[in-house]
Amino acid sequence: MLGFVPPLPQQPGRPPASGHMIVCGDDALARRLAVELRYIYGERVTLLLPPGRDPSSPETPLTQRGRAAALFGRMSAAMSRAGNGSGTTGGNGATGGSGDTNAGVEAVRIMEAPEPSDDALEEAGIDRAAALALVYDDDERNIRAALTARRLNPRLRLVIRLYNRKLGQHLEELLDQAAAVAMPGIDPALLDASTTVLSDADTAAPALAATALTGSSKVIQAEGLLLRAAERPPPRSGERADPGLCTLALLSSTTNDPAGAEGSDSSGDEAPRLLPDERAVAETTGRGTVVLEAISRADPARSATRMGGRGAPLSQIFSRRLRWSALGFALAAVALVIASLLTTKDTALHSTYLTVLDLLGMNDPAEGAPPARQIIQILSGIAGLLLLPLLIAAVLEAFGTLRTASSLRRPPRGLGGHVVLLGLGKIGTRVLVRLRELDIPVVVVEEDPEARGIPLARSLHVPTVIGDVTQEGVLEAAKVYRARALLALTSIDTTNLEAALYARSVKPDLRVALRLYDDEFATAVYRTLRTAHPQALTRSRSVSHLAAPAFAGAMMGRQILGAIPVERKVMLFAALEVAGHPQLEGHTVEQTFRAGAWRVLAIDATPPADRNPDLAALPPFDPEGDATPPPSGLVWDLHPGYVLRAQDRVVIAATRRGLAELLRRQRSAVPGR
């Protein structure tokens, strides 16, 4: 039976407004996404949650109405404190930022239903909704709901959370075709944005993997190009900070203060400053920076080569000692053939034939033959005796290698400088792939031998320790005392914290990154660990906090290329059409820059008819006809005086509030939006 929780603080039973947005999910991502849409973008939101609480999901503390209200209250209050005037009234009459909570504007409408069925979606107002996000932690449930939603409202914009990338591509094509059939003559740009398939694991994995690297690089991919945003320490006295291609952020002033808080939305003047202007960068001292460091060509074949081939080289099947023994036997056989040629004056083929028979013990005794032939036969027999144990050893080694290849490897002796990765769920598996693509040695610790990422670890020959990280000796088996970093990515906050504390007791200067859900808890953990170990780098990350802005941007019909964390803030990289944006169209690149909000990084010089609709994907090319992919149409070295035209498409770096303001201005400038 469908359960309805009255909206907060609306009157019970009030129907949803036309053009509102619906979020369906069962974990932290759904709630963070609802907050993002309501309090950043100013949209009216209906949140559909399952009743009760799933005990197997540690990150679901807010399924009841009271707990959900508490979350929304804390998040909206934090966003209100962080507001700097960007919460202006949009074209739909809703206010964003601090105006929502202070003015008593309707909050998120919360409903409860076991499944996103026809009745539940109709009760949520699917026929009047502008967009629907399906972010259940179950691919099958999301697919069923997407097919139902497309049937109930063909014009609906769908954002679907799927872990399976290949299945997601096929589903996106299928749902787009259904929308095209239901709406003949639809604008291709609108059709392309009608269905978006995202993965929170793919969104968060680059940032989580980057914390294991010195310099903390974050990589965003755009049309086959890799954008690297790197953290740089504060310049020394008399030195000037290298801005790279451009400065994306100034880190918080409390970075080196053990008692300070990691910069977040509620850190005030001490918080990191996103997208500062040149004057702010020049006047600021003692702060590290995040700069756009380099742009390089992505290798479409790299990930495949990292996964390893289908076969195994001989060096991995047979030991070095066995290979040297086989080589010695082969040289002895060749020497016997040569000796037979020189003494018997026989043909090479016949001498080789007789020698092989002698080695295998299949020839008749050389009675009456010359003494040289008899001696060669005796030597061949002795060599043949050595061949049998050599063949047995080869068979045993090959069998042992194949058995080892199908089992998990143990951490080898002398291993050091590696990353210890805790947890091989959805997030841990994606992070493992990213670390291996970067050629970083990894040791995995996983409690469940049937976990999602175990087959991948086996195929990549990644050393794996099966055991509970809270038990004594498990982290030692992963050689954490020799590791360069620890990534605690299990879904249980207390497990991650316990592992981090124990690892720090073993190696105080260990670089640690924890996956934590609650922001307040993460801040407290960060302060404590940094106070106890000020020389060691500590980072706390929330997957839902990293992924929610990208999902919210897709709900607004914009392509988010990626999101990078700047301490506890998030910066977005998005692709935008200039048409309809009054603060972009007709202005120069220099004029469009707004400190703390957005910055144009690149322009797509490809003609509109030939553009790749998905900038995050590699451009298609024929590897047999051309060894290199076609050149990207993105131009990064923009002249400040270049005037943006309506037909241009640009890549921007933006804060969450900055992107929301751009969209509000566009909506108010275009009639009917």
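The values are calculated or read from the model by the stated rules, or taken from the named source; none is laboratory data. Just so we're clear, the structure is a prediction, and the values are computed from it rather than from any experiment. Virtual Cβ from ideal backbone geometry, glycine too; neighbours counted across all protein chains shown. Accessible surface is based on the protein model in full, side chains and every heavy atom, while ligands, DNA and RNA are left aside. Shrake-Rupley method; radii C 1.70, N 1.55, O 1.52, S 1.80 Å.
Points worth noting:
- Spin-label pair W636-S459: with each label point 7 Å from Cα along the Cα-Cβ axis, the two points sit 3.1 nm from one another.
- Mean-position separation - Cα centroids, the range 401-480 and the range 137-187, in angstrom: 35
- Mean Cβ neighbour count within 10 Å, used as a protection proxy, ranking 596-605, 654-663 highest first: 654-663, 596-605
- On the range 398-533, 52 percent of the accessible area sits on carbon and sulfur atoms, based on a 1.4 Å probe.
- Inter-label distance, I375 to L438: 6.6 nm, where each label sits 7 Å from its Cα along the C-beta direction.
- If you sort R409, R558 by accessible surface, 1.4 Å probe, largest first, the order is R409, R558.
- When the residues F329, F573 are ordered by accessible surface, computed with a 1.4 Å probe over the protein chains alone, the sequence from largest down reads F329, F573.
- Highest mean packing comes first when the peptides 471-481, 125-135 are listed by Cβ atoms within 10 Å, giving 125-135, 471-481.
- Mean Cβ count within 10 Å, highest first, over the residues of peptides 643-649, 508-514, 156-162: 156-162, 508-514, 643-649
- Database remark: amide H of S542 closer than 5 angstrom to the amide H of L516 (H placed geometrically; neighbours at sequence offset of 5 or more, or on other chains; Pro and chain starts carry no H).
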